[in-house]
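Written out below as structure tokens is the structure these notes cover.
Every number here is computed from the coordinates shown, using simple stated rules; none is lab data. Predicted model only: the values in this text are computed from it and were never measured. Note that each Cβ is placed from the backbone with ideal geometry, even for glycine, and that neighbours are counted across all protein chains shown.
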Amino acid sequence: MQQPQQVVSGHGVNLFQDTQNALGLYLHIPFCFHKCHYCDFYSIVDSATRHEDRQQHFTDALISELLTANDKSPLKVRTIFVGGGTPTLLQPKFWHQIFQTLHKIVDFSSLDEFTVEANPETVTDELMRLFAQNGVNRISIGAQSFDQSLLKVLERWHDPQNVSKAMNIARNAGIRYINLDMIFAIPSQTMDRLNADLDAVLDLQPDHISDYSLIFEPNTPLTQKRNMGLIQPIKEDIERDMFEHVITRLSQAGYDHYEISNWAKKTQANQDLPVWGNRCLHNLLYWHNANWLGFGPSAASHMNGHRWKNLPHLGKYIEGSPIPPTIDHEYLKQHDRIGEQLMMLLRLREGVSTAWIKKHIPDSDVRHQTIKELRDINMLEIRDNYLRLTDQGLFVGDAVIARLL
Ligand code: SF4
């Protein structure tokens, strides 16, 4: 058997050379069959068949909005990502209509990656074959945990056994990359139970793993339960031990820790993979602060320093078709854009090149002093001409990075 090799590093590889045009599309499908208690994404509870009219109206509005992006010639985007909500809850006949539109407005020959998020309960042969036929090459399956009682804490409704079934269905249909999304530090989780979850993930050998510690988002039922003392969050020092353990186990199992909470299976010498290996290109696009356009209620967009978001309201989204109402417009000046880009690049384990810092951060910028202070306390380090989070800095990554905004 070939030994896994280190995935080709991003060092010296400029993945996103076009800095002016949209390189990614994000489509938001706002339906879920149940609201998980930790979730603060915009979605509404729906069933695949009971609200057919609503799904049709949404699809019509999404298609109208997508057609506004067609600027005479097809868009040369590198990635499409369909998130939610639960995109796999949308009926196949509506997917047909969306694919037809995408084939009209996107030059698929320039597309490197087409991802759809999936709930294990809604992955079917029919849908996966339809996806594969239409260029989808990555499925991101929300597993979160394989422990039924931890799923219950999250009020996440799926049978853990259906995760492997969903992966098999997707692979048999010809979907090349499978992502598994996990959560750790779930109330009542122990180190043993974390290990059991990691065993289950590694048995399945996904191409990519996201593993985030549980966040208590404001105004979610889970946060309310915590505030009422009905559940106890995992203590900070245990959460840190858990994160360390996740890093160790996934690294030992041949996964490349390329972003704070993301791992890609290392490539084999005989594999014909792009330069970014099994990493998720659409997320790399975000972390490189490239341009993308979002469609659907609550979808965000970023174009050359301009940021905005579609109103998170399905009724108004449908009424506003083809141009939906938007909120949170923001234009970042150069100084702030550099801060934001620095912050995003530092999420990557390889960090940001010192050449980039020299080119974009003037000598007079106070960020040089902040970087020095963070290096002095061993939160940041320079390795191979890249500034990056230290192993210690990783555990408080968000707070460290925020100082450089
Ligand atoms: S399935 Fe995903 S989007 Fe829907 S409620 Fe659960 S976490 Fe939120």
Exposed-loop cut sites defined as trypsin sites (Lys or Arg not before Pro) in DSSP loop states with at most 11 other Cβ within 10 angstrom; longest site-free run of the chain spans 73-234
Residues whose placed amide H lies under 5 Å from that of D46, excluding near-sequence neighbours: C32, F33, H34
What residues from the stretch 203-219 fall in the zone where the backbone N is under 11 Å from a label point 7 Å along the Cα-to-C-beta line of Q161? none
What is the chain by shape, rounded, prolate or oblate, if you read a ≥ b ≥ c off the alpha carbon gyration tensor as root eigenvalues and call it rounded for a/c under 1.5, prolate for a/b larger than b/c, and oblate otherwise? rounded
Give me the net charge for the shell around R349: Cβ to Cβ below 9 angstrom, other residues only, Lys and Arg +1, Asp and Glu -1. -1
Note down the net charge around F131, summing +1 for each Lys or Arg and -1 for each Asp or Glu among other residues with Cβ under 15 Å from its Cβ. +1
Computed FRET efficiency, Cβ-Cβ of N21 and T370, R0 25 Å: what is it to the nearest 0.05? 0.15
Sum of side-chain charges, T68 neighbourhood, beta-carbon under 14 Å (Lys, Arg +1; Asp, Glu -1): -1
Which whole-Hz ³J(HN,Hα) couplings does the stretch 398-403 yield from phi under the Karplus relation 6.51 cos²θ - 1.76 cosθ + 1.60, θ = phi - 60°, glycine and proline marked x? 4, 5, 5, 5, 4, 5
So if each residue of separation counts as 0.36 nm, and I subtract the Cα-Cα distance between M191 and K358, what length gain in nm does that give? 55.8 nm
Whole-angstrom gap from the stretch 117-151 to the stretch 14-82, using each part's C-alpha centre: 17
Classify the stretch 335-405 as rounded, prolate or oblate from the Cα gyration tensor: take a ≥ b ≥ c as the square roots of its eigenvalues, call it rounded if a/c is under 1.5, otherwise prolate when a/b beats b/c and oblate if not. rounded
Looking at the stretch 111-180, what % of the alpha carbon pairs are farther apart than 15 Å? 49
Estimated 222 nm signal from helices in the chain, with DSSP H stretches of n ≥ 4 weighted -39500 (n - 2.57), rounded to 500: -11000 deg cm²/dmol
So which of K76/K266; K265/K309; K76/K359; K93/K225; K72/K265 end up more than 30 Å apart, counting from Cα to Cα? K265/K309; K93/K225; K72/K265
Among all the lysines, which ones have a C-alpha under 22 Å from K316's C-alpha, if same-chain residues fewer than 8 places away are not counted? K35
Take the alpha carbon gyration tensor of the stretch 295-393, find the square roots of its eigenvalues, order them as a ≥ b ≥ c, and report rounded if a/c is under 1.5; if not, report prolate when a/b exceeds b/c, else oblate. prolate
FRET efficiency (Q268, A402; Cβ distance; R0 45 Å; to 0.05) is 0.75
Under a crude label model (7 Å from the Cα following the beta-carbon direction), how far is D53 from Q97 in nanometres? 1.4
If a cysteine in the chain has no other Cys Cβ under 4.7 Å from its own Cβ, put it on the list, ordered by number. C32, C280
